[in-house]
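Contents: one structure, followed by commentary.
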Amino acid sequence: MKSLLLSLVPALLWVSVAQAEVLLQPNFDARKFSGLWYVVSMVSDCKVFLGKKDHLLMSTRAIKATAGGDLSVHMEFPGADSCNQVDAEYVKVGSEGHFRVPALGYLDVRVVDTDYSSFALVYIYKELEGALSTMVQLYSRSPDASPQAVKALQDFYPTVGLPDDMMVMLPKSDMCFPKDK
């Protein structure tokens, strides 16, 4: 048992170091980040994601900053015949733009890059079904991401160890989109 615990220490230290290397958006402003975002692309090594990535559709996030620096996030995901909805609190951890979401198993959520008006890159380190995984999501203010936003995603996800074959551009779906868009 002691040898098992000792063998886990380097792995845990590596995870801590790897997480610390993911930088945050400088001077992150939660109020500017608030509003409607479309999740237009995702990259992940999560086994559940990899098994479903070819069938996933674009989803939305309606984000509202709270007075304490947390984010209230309303997520809508297209399902087989309905729009699935989830509400979650992104709890601020230390620096602005750094969160955890215990209800979803998100251990580390970081807004790593955003211009607030067109795109954002969101890094997520999570636990799902007992396994740890990394995910990067590209948010866009419209269902069509700009070439600059896609390039920012493509430049970033290899830095956290994710290869190209784990990336998917999500097809549009009318099921969960706001009616006025």
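The values are calculated or read from the model by the stated rules, or taken from the named source; none is laboratory data. What you are looking at is a predicted structure, and each value in this text was computed from that prediction instead of being measured. Quick reminder, even Gly has a Cβ in these numbers, built from the backbone with ideal geometry, and neighbours come from all protein chains shown.
Computed values, structure above
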{"item": "Looking only at the stretch 12-27, and only at residues there that are among the hydrophobic types (A, V, I, L, M, F, W, C) and more than 16 Å from the chain's Cα centre (by Cα), the one that is modelled with the highest pLDDT", "result": "20"}
{"item": "Counted residues, the stretch 21-41 - those being in a strand (DSSP E or B) and acidic (Asp, Glu)", "result": "0"}
{"item": "Selection status of residue 88, farther than 28 Å from residue 147 by Cβ, out of contact with any Leu (no Cβ under 9 Å at 6 or more places or on another chain) and of a type in the set (A, V, I, L, M)", "result": "no"}
{"item": "Filter result for residue 91 (under 23 Å from residue 165 (Cα atoms) and in a strand (DSSP E or B))", "result": "no"}
{"item": "Residues that are without any contact (Cβ under 8 Å) to a residue 60 or more places away in the chain, of a type outside the set (A, V, I, L, M) and out of contact with any strand residue (DSSP E or B) (no Cβ under 9 Å at 6 or more places or on another chain), drawn from the stretch 78-89", "result": "81"}
{"item": "Positions within the stretch 78-87 being of a type outside the set (D, E, K, R), surrounded by fewer than 18 Cβ atoms within 10 Å (Cβ to Cβ) and in a strand (DSSP E or B), in sequence order", "result": "83, 84, 85, 86"}
{"item": "Sole residue being surrounded by fewer than 16 Cβ atoms within 10 Å (Cβ to Cβ), without any contact (Cβ under 8 Å) to a residue 60 or more places away in the chain and farther than 20 Å from residue 159 by Cβ, chosen from 93, 101", "result": "93"}
{"item": "Test: residue 109 is in contact with a Ser or Thr (Cβ under 7 Å, 6 or more places away or on another chain), within 17 Å of residue 46 (Cα to Cα) and surrounded by 14 or more Cβ atoms within 10 Å (Cβ to Cβ)", "result": "no"}
{"item": "Residue in the stretch 142-158 that is on the phi > 0 side of the Ramachandran plot and either touching a Gly at 6+ places or on another chain (Cβ under 8 Å) or surrounded by fewer than 20 Cβ atoms within 10 Å (Cβ to Cβ) (or both) present", "result": "no"}
{"item": "Selection count where residues are in a loop (DSSP other than H, G, I, E, B) and either within 14 Å of the chain's Cα centre (by Cα) or aliphatic (A, V, I, L, M) (or both), scope the stretch 166-178", "result": "2"}
{"item": "Where residue 175 falls short, out of the listed (1) under 24 Å from residue 24 (Cβ atoms); (2) surrounded by 13 or more Cβ atoms within 10 Å (Cβ to Cβ)", "result": "(1)"}
{"item": "Filtered residues of the stretch 42-77 (kept if among the basic types (Lys, Arg), in a strand (DSSP E or B) and without any contact (Cβ under 8 Å) to a residue 60 or more places away in the chain)", "result": "64"}
